[in-house]
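The values are calculated or read from the model by the stated rules, or taken from the named source; none is laboratory data. Remember, predicted model here, so these are calculated numbers, not experimental data. In this analysis, Cβ positions are derived from the backbone assuming ideal geometry, glycine residues included, and neighbour counts consider all displayed protein chains. The protein model used for the area step is the full one, side chains on, heavy atoms only, and it has no ligands, DNA or RNA in it. Shrake-Rupley method; radii C 1.70, N 1.55, O 1.52, S 1.80 Å.
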Amino acid sequence: MKAVERYNSETAREYAMRAITENIISIDLEPGQLISENEIASFLGVSRTPVRESIQELNKAALIEIYPQRGSYVSLIDSKYVEEAVFLRKVLDIAVIEEACDLATEDDIALLEENVALQEFYLKSNNTKKIFELDNEFHRMIYVAAKKEMIHNMRRNVMIHFDRVRTLSMLAVKDTKIVADHGIMLSAIKNKDKNKAKEIVEKHLDRYRVDQEELLRTYPQYFAKE
């Protein structure tokens, strides 16, 4: 598990939930890995109760499997959950970027431009961790520009299934087209070109299907058998 900084405003439960979730997304808690309440609680510096509650919540989201007498395991990546997450994200992201084409202010566009410039900078040094963080922030900014930030927050748990695949894609495939896609999205928003915005979002989210065969070859142990 990697260290995650605790925010001053976070309760122990919120911190444990965020830390475990981030480690699942980053694959620092690997699919299929046995996890220990005691070890996580000790590592995070919290009691077992918030850790146990977080594990139970992530079990409901199909991200942790709990087996009585055997322990708790990070769930293997299940393609059907990934497909559902991609479907939901595609429906929402297309609608939201069309709204952003109408509603984005100059300040919104300036923030998106800064984000894309940073992605291009970190792409040169192959810093996949920073690109992943900036990728997430770029899409959040589009939701903010479209006045749909609450919807962005509501979709978070479902997206974890897809986010694990995104992490693996960056590690195994290192597809530079993702950053280029964001530049095209930004241009579409600036030009209020809804057709181009919709087209590039669909293409952007379909890239994982191209990567899927490579991921299954490279990390077969991480995926549930269909």
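Let me confirm something: among 224, 146, 172, which residue is of a type in the set (A, V, I, L, M), in contact (Cβ under 8 Å) with a residue 24 or more places away in the chain and surrounded by 19 or more Cβ atoms within 10 Å (Cβ to Cβ)?
146
Across the range 51-77, which residue is modelled with the lowest pLDDT among those that are small (Gly, Ala, Ser) and within 15 Å of residue 17 (Cβ to Cβ)?
So the first thing to find is which residues in the range 51-77 are small (Gly, Ala, Ser), and the list is 54, 61-62, 71-72, 75.
If we keep only those that are within 15 Å of residue 17 (Cβ to Cβ) as well, we get 54, 61, 72.
Details: 54: 96, 61: 92, 72: 96.
The qualifying residue modelled with the lowest pLDDT is 61.
Report, ordered by the first and then the second residue, all pairs with beta carbons closer than 8 Å, sequence separation of six or more or different chains, a first member in the range 56-71 that is in contact (Cβ under 8 Å) with a residue 40 or more places away in the chain, and a second member that is of a type in the set (D, E, K, R) and surrounded by 12 or more Cβ atoms within 10 Å (Cβ to Cβ).
Pairs found: 62/78.
Restricting to the range 175-200, give me the number of residues that are of a type in the set (A, V, I, L, M, F, W, C), modelled with pLDDT of 95 or more and open to solvent by less than 20 Å² (accessible area, probe 1.4 Å).
6
For the range 54-78, which positions are farther than 14 Å from residue 157 by Cα and open to solvent by 60 Å² or more (accessible area, probe 1.4 Å)?
Within the range 54-78, 65, 66, 67, 68, 69, 70, 76 meet the criteria.
Residues checked against (1) out of contact with any Lys or Arg (no Cβ under 6 Å at 6 or more places or on another chain); (2) over 25 Å from residue 129 (Cα atoms):
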{"position": "6", "(1), (2)": "yes, no"}
{"position": "15", "(1), (2)": "no, no"}
{"position": "22", "(1), (2)": "yes, no"}
{"position": "28", "(1), (2)": "no, no"}
{"position": "36", "(1), (2)": "yes, yes"}
{"position": "44", "(1), (2)": "yes, no"}
{"position": "58", "(1), (2)": "yes, no"}
